[in-house]
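Here is the structure we will look at.
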């Protein structure tokens, strides 16, 4: 006689089944109808000079991806929240984007202040977030994140590359001054630069440290001081309208001719400054990208991307545009890698994150990799000098050096300022870099 | 501090003081007559700057020297059209309201105009430096200054100050404006059209703010939000001088401009603090401002 299955046995079986299912929550999921990408960028305020072109790039890249079938065969859609609305509004908009709009991934953000607020929130909400443009190295040095990645370099390699270029091309300077915007980036970038400079060239005298107000409309007094002090080198990591004003006012009064100017992240101002930017200024590109990248400029896809962007916006791409591309490439790479590891089935978010660790992907330069220990992007850095070139009504980069990331990025587990103090004095001399000419 | 720094700081402070004076004197004049604190005054500065840059870029290919009159035309255009419309349709309905409501409404106007500005001129910085490039540099103790900075700006500010004084003290229209400032009820009682006086005064004040912006435009990048800093600073100057005090605004703008320049040489970190520190100290000692008059209230 067959014994009836008792209630207890049924319950036990159900519990066992539930336990089995719960033990494997991250198995393959059904392919979504659409991949929603939520992007935080500046649509208002001074940093909209980066944010608005980046938005245009995101729309263009999404459209292009969808023409090719999307990511993993799923079309993508993009939505935006404005960093310029301020901290509180940004946080609540981000939360709404994640919880109500149910985006699949976020790209946030431009400002390091925004990243500082949103990274912990993304972690709490278990949302995969790619920090696509913010530069503060401290964000990933201070805390280990699971859900946050930076798909580009950070301020340390950016400033170290600029310093290396200066030391390689003008090794004999004796005095330096700095004119930086008085906010986190202005202060931090100088701290990185000056710490490394003290190690590599301790005899250099800092004759002035000037931090005019963010958004200052007038640098007259700072320029007068520098004209009187006559430093060999003037460094500025200013950007946007501030940098445009500083360069123009300095040029009008002869300061650009008197001192060697280094524009740490000046690439984004080159088109706007036009002929007001003299030849011979050292300019950092804030990453491994430039619309006339020496290794990419003949690549048909790269040329098509740049032309399409120019047709859409009227200007050639700047670094925020390429950083946006890197974020898309990183996400696409991670999803596809996770799918492959999953036997072609659509991966869960956790599987995508696992795939992102150690991922190597390509933006519009050399490859970028996402370091598994701290999720920091390892990206090369281009630095060059401004030069007049036929066919352009603005200056282009010449004598470009591309610095490989491993040597100039803080090792995982260390703080940037501490690491910089341990660099050997011959650090720059040991960096082997090739120099690329514009048109070469 | 040696004499070189003193002279250089004076040269730097003068041009800054000139721009601040032009914006704050307009604000002060408007308050003196209309008794309204107009937060949207900063927008007039920004619109003056953007309009001047637009006109300059248009006329420069014809003749670069046309950019100078373009600055004046831009300020009159903005003052008359934008200022006139603002007074007639946005401010006139709120004259009878409490000051707090007036402040809120003019703040809302400021935000709306800021957004409109972005829609019209976009977010990319604009620079139209032709007037500065046309004039030669001047060397002061071996340091180059642009003539525009050390001569044009201060001279325009001085001419504006004396022109305004003459207008208010020696012309009939000026006397009418002063009468309304002194006692609105009595002026109305003798047949002065206060509404017309308000409109004319507002247009003059708006044109002065727009002139400040227009004169600043060849020296700086025009970016979204440029009116914000200037309105905060011009409030500080107008309050420190005493609302409604024209000459006081000139003296205070000069003091603040020079103080700011000096502090950048001595302790640059304090640059942002200086104007507001001066304002705070003055108002603690003289709440009516340096040149303000204590209004006696009859009970």
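Any read-out appearing in this document is the output of simple, stated calculations on the displayed coordinates, not a laboratory observation. Computed from a predicted structure; not experimentally measured. Please note: Cβ atoms are built from the backbone with ideal geometry, for glycine as well, and neighbour counts cover all protein chains shown.
Take every residue in peptide B:127-135, count the Cβ atoms of other chains within 10 Å of its Cβ, and give the average of those counts.
On the way: counts 9, 0, 6, 0, 0, 4, 4, 0, 1.
The shielding value for this peptide is 3.
Please compute, for peptide A:246-257, the average count of beta-carbon atoms on other protein chains lying within 10 Å of each residue's beta-carbon.
On the way: counts 2, 2, 8, 7, 0, 2, 12, 8, 4, 2, 0, 1.
That works out to 4 on average.
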Given an 8 Å cut-off on Cα distances and at least 6 residues of separation, report the relative contact order of chain A as a percent. 18 percent
Where a ≥ b ≥ c are root eigenvalues of the Cα gyration tensor, a/c under 1.5 meaning rounded, otherwise prolate if a/b exceeds b/c and oblate otherwise, chain A counts as prolate
Could you work out how far apart the two model spin labels at residue B:4 and residue A:279 are, taking each label as a point 7 Å from the Cα in the direction of the beta carbon, and quote it in nm? 3.2 nm
Two-site label geometry, residue B:108 and residue A:414: point separation in nm, points 7 Å out along Cα→Cβ: 5.8 nm
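Tell me, in nm to one decimal, what length is gained between residue B:269 and residue B:140 on full extension, where the rule is 0.36 nm per residue of separation less the Cα-Cα distance?
Details: separation 129, 0.36 × 129 = 46.44 nm, distance 2.55 nm.
Separation in residues times 0.36 nm, less the Cα-Cα distance, equals 43.9 nm.
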Average projection area in nm² (convex hull over Cα atoms of the range B:29-126, one quarter of hull surface): 6.8 nm²
Descending packing, highest mean Cβ count within 10 Å first, for B:15-28, A:321-334 is B:15-28, A:321-334
How would you rank A:137, A:151, going from fewest to most other Cβ atoms within 10 Å of each one's own Cβ? A:137, A:151
What distance in nm separates the two pseudo spin-label positions at residue B:97 and residue A:183, each 7 Å out from Cα along the beta-carbon direction? 3.1 nm
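Quick one: which of A:369-375, B:171-177, A:154-160 comes out on top by average Cβ neighbours within 10 Å, and what's the full order, highest first?
Numbers: A:369-375: 18.6, B:171-177: 14.7, A:154-160: 28.3.
Highest-to-lowest ranking by the protection proxy: A:154-160, A:369-375, B:171-177.
Using a Förster distance of 30 Å, how high is the FRET efficiency between residue A:66 and residue A:348, based on the Cβ-Cβ distance and rounded to 0.05? Spell out each step's value before the answer.
Working: r = 23 Å, r/R0 = 0.76.
Efficiency, rounded to the nearest 0.05: 0.85.
Averaged over peptide B:6-12, how many Cβ atoms belonging to another chain are found within 10 Å of each residue's Cβ? Don't jump to the answer; show the numbers that get you there.
Numbers: counts 0, 0, 6, 3, 0, 3, 8.
Other-chain Cβ atoms within 10 Å of each residue's Cβ, averaged: 3.
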Per-residue ellipticity at 222 nm for the protein assembly as shown, helices alone: DSSP H runs ≥ 4 residues times -39500 (n - 2.57), over residue total, nearest 500 deg cm²/dmol? -16500 deg cm²/dmol
With the label point 7 Å along the Cα-to-beta-carbon line of residue B:66 and a cut-off under 20 Å to each amide N, the hits in the range A:275-306 are none
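Give me D for chain B in µm² s⁻¹, whole number, from Stokes-Einstein with Rh from the Kirkwood sum over alpha-carbon pairs, 20 °C and 1.002 mPa s. Spell out each step's value before the answer.
On the way: Rh = 19.7 Å.
Using the Kirkwood radius from Cα pairs, D works out to 109 µm²/s.
Pairs of Cα atoms under 8 Å, at least six residues apart: use those to get the relative contact order of chain B, whole percent.
Values: 465 pairs, mean separation 111.8, N = 299.
Once divided by the residue count of chain B, the mean separation gives 37 percent.
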Two-site FRET efficiency, residue A:92 against residue A:228, from Cβ-Cβ distance with R₀ of 56 Å, rounded to 0.05: 0.70
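When you have a sec, figure out the Kirkwood radius of the range A:297-367 from all distinct Cα pair distances and drop it here in Å to one decimal?
On the way: mean 1/r = 0.0739 Å⁻¹.
Computed over Cα pairs of the range A:297-367, the Kirkwood hydrodynamic radius comes out at 13.5 Å.
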Given 0.36 nm per residue, what is the gain on full extension from residue A:101 to residue A:30 after removing their alpha carbon distance, in nm? 23.7 nm
Hull-based mean projected area of the range A:304-440, where the convex hull spans the alpha carbons, in square nanometres: 11.5 nm²
At a 10 angstrom cut-off on C-beta neighbours, averaged per residue, how do the peptides B:135-146, B:209-220, B:178-189 rank from highest to lowest? B:209-220, B:135-146, B:178-189
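For the protein assembly as shown, compute the orientation-averaged projected area of the C-alpha convex hull (one quarter of its surface), in nm².
Result: 43.1 nm².
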Quick calc of log₁₀ I(q)/I(0), the range A:178-278, Debye, one scatterer on every Cα, no solvent, q values 0.11, 0.24 1/Å, result -0.30, -1.44
Multiplying the sequence separation of residue A:143 and residue A:315 by 0.36 nm and subtracting their Cα-Cα distance, what value in nm do you get? 58.1 nm
